Structure formats: C-alpha cells, structure tokens
Amino acid sequence: MKIVVCMKQVPDTKGGVKFKPDGTLDRAAMLTIMNPDDKAGLEAALRIKDETGAEVTCITMGLPKAEDILREAMAMGADKGILVTDRVLGGADTWATSTTIAGALRNIDYDLIITGRQAIDGDTAQVGPQIAEHLDLPLISYAQAIKLDGGGIIVNRQYDDRYHVLRAKLPCVVTVLAESNKPRYMTPGGIFDACDAEITTWGRADLKDVDDSNLGLAGSPTQIVKVFDKVRKGKGSMMTAETPGEGAEYIFKILCEKHVI
Amino acid sequence: MSLKQCKGVYIYVQQTDNKIDNIAFELLGKATELAADLVTDVTAVLVGFNVKGMADELAAYGADKVIVVDDPVLKEYRTEPYTHALTSVIKEFKPDILLVGATAIGRDLGPRVSARVATGLTADCTVLEIGEFKARGDKEPRQGQLLMTRPAFGGNTIATIACPNHRPQMATVRPGVMQKQEKMAGAKAEIVEFNPGFEANDKYVEIMEIVKSVSDTVDIQTAKILVSGGRGVGSAENFALLEDLAAAIGGTVSCSRAAADSGWKPKDRQVGQTGKTVRPDVYFAIGISGAIQHTAGMEESDIIIAVNKDPDAPIFDIADYGIVGDCLKIVPRLTQAIKWRYLHG
C-alpha cells in the first residue's frame, strides 16, 4: 500500500500577511506552518501505516524552504518527502498548482492520495478535487474517517446536515477535514532522523505530461485584479460591568432603545 | 471555448432530497443583477432525479430558462455523475458565467467541473460585479468582465479576481451573502430537458449509507437574532443559559469554532470562516474572543453585542456594544429581565 499526502506550507494567518507590489503573496516574509487540514491528512495516512505498514510519501510545491514541512512530516512518521520547486511554477492559481502536482504524481506509484480539505491562506478547497480530475481518479472530499476495505476505501463524507458512507475504488483522492483527527506529535528520534533524511527535489523538467502553458503565473486562468486590506468596522461603546445586574441592565436598555424587545 | 460564443449567466441549482436549497435562490438574485448589466438572461441548471417539477419555483426567483438534467443515477449527490452532468451542460450551452454555491457540495463539484472544462474558478466569493479589467498582456481594458471578490488569509485581506481568457467565468459564492429577489408568483421559465447519457466508471463511488444529522437542523442563516457562544461559555451545560436567552428574545443559538470543536454545539450552528456567514439584526457574542476567522462570518450583523471578561478581546473592536464581565452571570439576569418585560410590559 502506497499513500501520498499532498501538503502545503502556509503563512500562519495569526501573524502579519505581506504582499509583493504585484499583489501576489510575499511568502518569504511570513512565518510559516504545515497547513492544519493537511496535517490531519497526514495523520489519517499514518494511522493506515500503523495498521498496515503502508508507505507514506509527502509531496509539496513551494519555495525551497517548504522543505521544512516535509521534514516535520517525516519526524511525525512519514517515509519520504518530495519538494517540487521551480521559479517557473511561482504565482500559480489552483488550476496551475493542481496541474503541477498531478505532473509530479505521475512519476510515482500510489494507491491513495490524501490532501487536506483546504489551506488556511487561500481557503479555496480546490486543489485536491482538481488533482483528482487531472489524474482521472475518483474523489471523496470533506472526509471525516477513512477505512481500508479490500481493494477500496470506505469514507464518511460530511455534508451540511448529514454524512454519506461512501465506498471508492483505489486509487482514489480523499480530502480530509482538520476536525477528523488529532495529529500526533513529532517524536524526538523522528526529529533527528528527519534532519538527516534526504528530500527529493523536483523542478519543471521532472513534471510528466504537463504543458508549459498550464504552469505558474502565466498558466493560471485566474488573474488578480487587486488585493486590499480589510477595512474594519469602528469600535463601538464599551462598559465594564461591576456587577452582573449592571451588565444585564445595559444590554436590556439597548434592546429597548433599538426596539428589539 | 472561444470567448465570444459564450453567453448568459448560469447558476447551479443545489437541491437536497428534491428540495431546492436556499443558496440557489441567493445565486438567482445575484445572477439577475449580473445579467441586467450584461443585457443577457439567467439560466438555472437543475440536476437530479424527478426534479423537473421544481422549475417553476426557480422561475419565480428570477430564472428565465431552466436546463433540467434528470436521471436516476443523479438521485443523490455524487461527484462524478454530477460533474458529468454540469460539464456536459457547459459544453453544450456555453455559458459566459457560472455560479455555484460555496457549500459542501459546491466546493466539491465546482473545482472538479472547472478542471474538466479547463477554466478558472474563484472560491467563496462575497461580492460579484461586472466591470472592466486589463488582463496580463493586454493594452486596453476589456469590458463586461466578471470581477469576483473574496476574503483570503482568514479574512485578513480581500482579493478581486478575474478570469479574462477562459469561459465560463466560474465562482463559488458563500451562502448567506447574496440577497434573493422577491418571489414573483406565476412566473414561468423556458424548460430545456437535456440528458448527456451516464455510463458508470471507476470514478463513480458507491453510497453505502446516508446518515442524517440527528440534531434539529436549525438554519442560523435565516435567524433575525443570534445568541452565539464561544469558549468562554465553558461547557455544553452552560449553553442552556444561551438557549434560555434565545427562547426569551425569539432568537436562535449559534456558536464559535471553539465551541463546535469542543462538541458543545453541532457543527451546523458554527459561525465563521469554516462555518456559516450570518447577518442577523442582532448578534450576541457571548464568551467569544473574536478571532478574525469568526468575525469574518458575522461582522455584517446590524447590531453586535459582545460580552466577555477579557477587556482586550478582539471582539470588542467590532462590537457596537461591549460589556466586560462574567457572561455566565450576566446572561441569566438579562433573560430574567426580558421575560419580566414580556409578562408585565
């Protein structure tokens, strides 16, 4: 059993977000973490590894420093890491990103491809489904639980008011929700091994069956018109309730004044 | 698809158990505005099994034309046959614009369809308008482009995106943001039945079981008053205090991600970036610190009243009225006062 986990290094949105003059992200200037949904995807893969001895390969596309999350993944228990990095891949939208990752995945064997549902920077949830389309594979997104079942998998797929228990043939793409599990910590031994582990690095030339016209900024169908900071609503009135009654009375008066009650 | 031959504003009609989801009416509302700007018409794409009877309802909310893809294989939502259905409609009818709800279905269907027809897709849009855009490599701006605006980075920034060289211009749209039109009773749409033929393949998944949520599914997006609780509420039991207040004032209880993740309230009550966008008349933020992921989903509320014991909680930056104090003590006192007023007022 071979599992590939697609992951992304993302800016920690709790820190400051910075942009280059052209409106694209200045990723180099921000603190970064492994995207939380992807970490849950990795945990789901590692649980299958715990049970069946599957081989877990992590792949990411990004700047050279995205290697950090591959090492973190290996310190958690992943077996291999592949970094796809090349100047010509920069500025990609979800179409160009999924084209790139699919091109890299065509080089390796897999039974199951897991991604996080979405990344906290773009919040699009598009790359996983688009990888499935490029590789012509079945897709189950919004997964809560994954179980192997003979030559297939059984997945609880979350919707707004229900879930479907789905069975798909392998190979298959699954996108995982962050709340589906609690990722394990890195082990001390794992950290040491991960520091020395070899990371495979691929560039444009290593991508299989992809056209230049579908890569990077130039190959992105969507274009940025403008990016701006959110204008926050001004601060309203505030009071400190010395007693609960005082706080309740204050709210009560507002509700009366505004004809809510 | 060549740019010139693509015409019309299309929306994907999401239905569950053969009932049209609210998001479809919201999309029709926005599509009607966009179509007016472009002097074109609005087409609703209705996909399912035994769904033809729902076409008139779509007409009543603004659809000029309804394309019906009706097939037994489409009885329940599954990625592959629905992707095939919508993709076939796009190839046959060549829309200029296609809007899909940014729901748990639309965020699965949208990207798969956009990849199959090789066009761009902008996720979770909150503003859509027609305008001009100078694309990369162009000397002059082009008119009549769909400009798609969406929050990114957990709501820290807003980006406007265009898709100048590919059709359709596709967007998923956040539920609860666009306004539906007044219902026009008796409106009729032109109905076009279209079946591209469905052949099962390895991409078809099998539905083994459907488990509906046992919790009473309350739609927090239609509530006029929301009493929303966060980490500061402390426990599932303490949420009873919020339920009491909601009952007294005629509101509905919602929650923050922290409360949903702790299992205090079901996920369908969660407000925020990974939950739902709401804009009630009154939003009570009780024991909610106000992380940007939360405020992104509620800051359009008319009146925001926040109670938190931390005077530096970021929720106070966007609240119209902030009360620093113990929410577990203040809320029951307030409930009591409201009940008294209704009894004796």
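The values are calculated or read from the model by the stated rules, or taken from the named source; none is laboratory data. Predicted model only: the values in this text are computed from it and were never measured. Every residue, glycine among them, receives a Cβ derived from its backbone with ideal geometry; neighbour counts consider all protein chains shown.
When each of A:Thr60, A:Thr100 is tested for being farther than 26 Å from A:Tyr185 by Cβ and among the hydroxyl-bearing types (Ser, Thr, Tyr), the lone residue that passes is A:Thr100. Residues in the stretch A:52-73 that are part of a helix (DSSP H, G or I), touching a strand residue (DSSP E or B) at 6+ places or on another chain (Cβ under 6 Å) and more than 19 Å from A:Thr99 (Cβ to Cβ): A:Glu67, A:Ile69, A:Leu70, A:Glu72, A:Ala73. Taking the stretch A:111-131 as the range and being buried (at least 24 other Cβ atoms within 10 Å of the Cβ), farther than 21 Å from A:Thr57 by Cβ and in contact (Cβ under 8 Å) with a residue 40 or more places away in the chain as the test, the residues that pass are A:Gln118, A:Ile120, A:Ala125.
You will find that of B:Asp17, B:Asp56, B:Asp64, B:Asp71, the residue that is within 24 Å of B:Cys125 (Cβ to Cβ) and not small (Gly, Ala, Ser) is B:Asp64 and no other. Taking the stretch A:160-213 as the range and being surrounded by 15 or more Cβ atoms within 10 Å (Cβ to Cβ), among the aromatic types (Phe, Trp, Tyr) and in contact (Cβ under 8 Å) with a residue 40 or more places away in the chain as the test, only A:Trp202 passes.
Count, please, the residues in the stretch B:141-158 that happen to be within 7 Å of chain A (Cβ to nearest Cβ) and out of contact with any Asp or Glu (no Cβ under 7 Å at 6 or more places or on another chain). It would help to see each step written out before you state the result.
So the first thing to find is which residues in the stretch B:141-158 are within 7 Å of chain A (Cβ to nearest Cβ), and the list is B:147, B:152-158.
From what is left, the residues that are out of contact with any Asp or Glu (no Cβ under 7 Å at 6 or more places or on another chain) are B:154-156, B:158.
Residues flagged as within 7 Å of chain A (Cβ to nearest Cβ) and out of contact with any Asp or Glu (no Cβ under 7 Å at 6 or more places or on another chain) within the stretch B:141-158 amount to 4.
Out of everything in the stretch B:279-306 that is assigned to a loop (DSSP other than H, G, I, E, B) and hydrophobic (A, V, I, L, M, F, W, C), what residue ends up being farthest from B:Asp326 (Cα to Cα)? I'd like the intermediate steps shown before the answer.
Let us first name the residues in the stretch B:279-306 that are assigned to a loop (DSSP other than H, G, I, E, B), namely B:279-281, B:287-291, B:296-302.
With the extra rule that they be hydrophobic (A, V, I, L, M, F, W, C), the set shrinks to B:288, B:291, B:296, B:298.
Details: B:Ile288: 12, B:Ala291: 19, B:Ala296: 25, B:Met298: 22 Å.
Checked the stretch B:279-306; the qualifying residue farthest from B:Asp326 (Cα to Cα) is B:Ala296.
What residue, among those in the stretch A:132-145 that are under 23 Å from B:Gln273 (Cβ atoms) and more than 7 Å from every other protein chain (Cβ to nearest Cβ), is surrounded by the most Cβ atoms within 10 Å (Cβ to Cβ)? Among those residues, the one meeting the criterion is A:Ala143. Among the candidates B:Lys188, B:Lys203, the residue that is among the basic types (Lys, Arg), assigned by TED's automatic domain parsing to the domain that holds B:Phe93 and in a loop (DSSP other than H, G, I, E, B) is uniquely B:Lys188. Per this entry, B:Val233 is counted among residues that are β-branched (Val, Ile, Thr) and either in the same structural domain as B:His294 (by TED's automatic domain parsing) or surrounded by fewer than 16 Cβ atoms within 10 Å (Cβ to Cβ) (or both).
Taken together, the criteria place A:Gly216 among residues that are more than 9 Å from every other protein chain (Cβ to nearest Cβ) and crowded, with 16+ Cβ neighbours inside 10 Å.
So, in the stretch B:319-345, exactly how many residues are in a helix (DSSP H, G or I), among the β-branched types (Val, Ile, Thr) and under 14 Å from B:Gly232 (Cβ atoms)? Outline the logic, then answer.
In the first step, residues of the stretch B:319-345 are kept if they are in a helix (DSSP H, G or I); the result is B:327-344.
Checking which are among the β-branched types (Val, Ile, Thr) leaves us with B:330-331, B:335, B:338.
This time we only want the ones that are under 14 Å from B:Gly232 (Cβ atoms), so: B:330-331.
Residues in the stretch B:319-345 being in a helix (DSSP H, G or I), among the β-branched types (Val, Ile, Thr) and under 14 Å from B:Gly232 (Cβ atoms): 2 in total.
So that you can scan it fast, the table gives a plain yes or no per residue for (1) within 14 Å of another protein chain (Cβ to nearest Cβ); (2) in contact with a His (Cβ under 6 Å, 6 or more places away or on another chain); (3) modelled with pLDDT of 95 or more; (4) buried (at least 17 other Cβ atoms within 10 Å of the Cβ):
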residue	(1), (2), (3), (4)
A:Met7	no, no, yes, yes
A:Lys14	yes, no, no, no
A:Pro21	no, no, no, no
A:Leu70	no, no, yes, yes
A:Ala73	no, no, yes, yes
A:Ile101	yes, no, yes, yes
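I'd like the residue in the stretch B:236-267 that is charged (D, E, K, R) and surrounded by fewer than 21 Cβ atoms within 10 Å (Cβ to Cβ) and, out of all such residues, is nearest to B:Arg107 (Cα to Cα). Out of the qualifying residues, it is B:Lys267.
Return the only residue of B:Tyr283, B:Tyr204 being buried (at least 16 other Cβ atoms within 10 Å of the Cβ), under 30 Å from A:Arg167 (Cα atoms) and modelled with pLDDT of 90 or more.
Values: B:Tyr283 fails: under 30 Å from A:Arg167 (Cα atoms).
Residue meeting the stated conditions: B:Tyr204.
Taking B:Ile210, is it in a strand (DSSP E or B), at pLDDT 95 or above and either surrounded by fewer than 22 Cβ atoms within 10 Å (Cβ to Cβ) or not aliphatic (A, V, I, L, M) (or both)? Taking the combined requirement at face value, the residue satisfies it.
The lone criterion from (1) over 22 Å from B:Val51 (Cα atoms); (2) not assigned by TED's automatic domain parsing to the domain that holds B:Gly101 left unmet by B:Ile161 is number (2).
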